[in-house]
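Below: the structure, in structure tokens.
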Amino acid sequence: MALNLVMLGPPGAGKGTQAKRLAQARGIPHVSTGDMLRAAVAEGTELGRRAQAVMASGALVGDDIIIGVVRERLAKPDAAQGFVLDGFPRTVPQAEALDAVLAGKDPIVVVEVAVEDEELVRRLTSRRVCSACGANAEVPGPGEKVPERCARCGGTLTQRADDREEVIRERLRVYARETRPLVEYYGGRPTFRRVNGAQAPDGVAREIEAALASAASQGGGGAA
């Protein structure tokens, strides 16, 4: 069976890192909203041209375009044995559209990477980027000092504007309002699993693999 996986989680939970890691390990595509839009624009599809016009105007791409791009992407041959969706769906209407796109195919497995808000704020406000070489510094663990110098080149590490606490808390409020309802939408399904994202990445990865094995026993995609 194909592994059709949706990764859910708030900003800073590490779902993108885990999605890439899992897709590489399984040999299936890691499909993010941004990747899909860029590919559609590069390929010059009708949807890609519409998306490019919207993005050029500075507006947000609407559900109709996003859903169409997802449909195109998941129809490609490399997604036949499964995929890891990251950043889609973001809303319940998008989730309903995804169900329609995948009607008659293997069930969707949904993994929520759960992390408390205060830990997310700590992680994201601790992120630093090198002003000299642009490298991202490793995020310190709880109780560890935030680094001041780049481990690669010795340059000064700075905080991005969108990693300020007030910005992060607003992003979390938006997530709670718009995306958290997806947990309720998917939560009653036998292939929904929640993992603890408040641990080291290797620990999260092991828990995700265990969750996938458990979901596979419910008919939700192939286990490793």
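Could you order the peptides 52-63, 115-126 from most to least packed, using the average number of other C-beta atoms within 10 Å per residue?
Top of the packing list down: 115-126, 52-63.
What residues from the range 149-180 fall in the zone where the backbone N is under 16 Å from a label point 7 Å along the Cα-to-C-beta line of Ala135?
149-158
Where does the range 41-164 land on Rg(C-alpha)/(2.2 N^0.38 Å)?
My calculation over the Cα atoms of the range 41-164 gives 1.44.
Per-residue ellipticity at 222 nm for the chain, helices alone: DSSP H runs ≥ 4 residues times -39500 (n - 2.57), over residue total, nearest 500 deg cm²/dmol?
Value at 222 nm, helices only: -14000 deg cm²/dmol.
Explain nothing, just compute: Karplus ³J(HN,Hα) = 6.51 cos²θ - 1.76 cosθ + 1.60, θ = phi - 60°, for every residue of the range 193-199 in order, whole Hz, x for Gly and Pro.
9, 10, 10, 7, x, 8, 8
Give the Rg (one decimal place) followed by the Dmax (whole number) of the chain, computed from C-alpha coordinates and expressed in Å.
So, for the chain, Rg and Dmax equal 18.4, 54 Å respectively.
Give me the one-decimal Kirkwood hydrodynamic radius in Å for the range 103-224, with the sum taken over alpha-carbon pairs.
After inverting the mean inverse Cα-Cα distance, the result is 16.9 Å.
What area, in nm² and to one decimal, does the C-alpha convex hull of the range 7-80 cast on average over all directions?
The orientation-averaged projected area of the Cα hull of the range 7-80 comes to 5.6 nm².
Over the chain, what percent of the accessible surface lies on carbon and sulfur atoms, probe 1.4 Å?
51
Using θ = phi - 60° and the Karplus curve 6.51 cos²θ - 1.76 cosθ + 1.60, what whole-Hz ³J(HN,Hα) does each residue of the range 3-15 get, with Gly and Pro shown as x?
Per-residue couplings from phi come out as 9, 9, 10, 10, 9, 10, x, x, x, x, 6, x, 5 Hz.
According to a simple spin-label model (label point 7 Å from Cα along Cα-to-Cβ), what is the distance in nm between Asp64 and Glu96?
Output for this residue pair reads 1.6 nm.
The values are calculated or read from the model by the stated rules, or taken from the named source; none is laboratory data. Here the structure is a predicted model, which means the values were calculated and not measured. Positions of Cβ are backbone-derived with ideal geometry, glycine not excepted, and every protein chain shown enters the neighbour counts. Note: areas computed on protein heavy atoms with side chains; ligands, DNA, RNA excluded. Shrake-Rupley method; radii C 1.70, N 1.55, O 1.52, S 1.80 Å.
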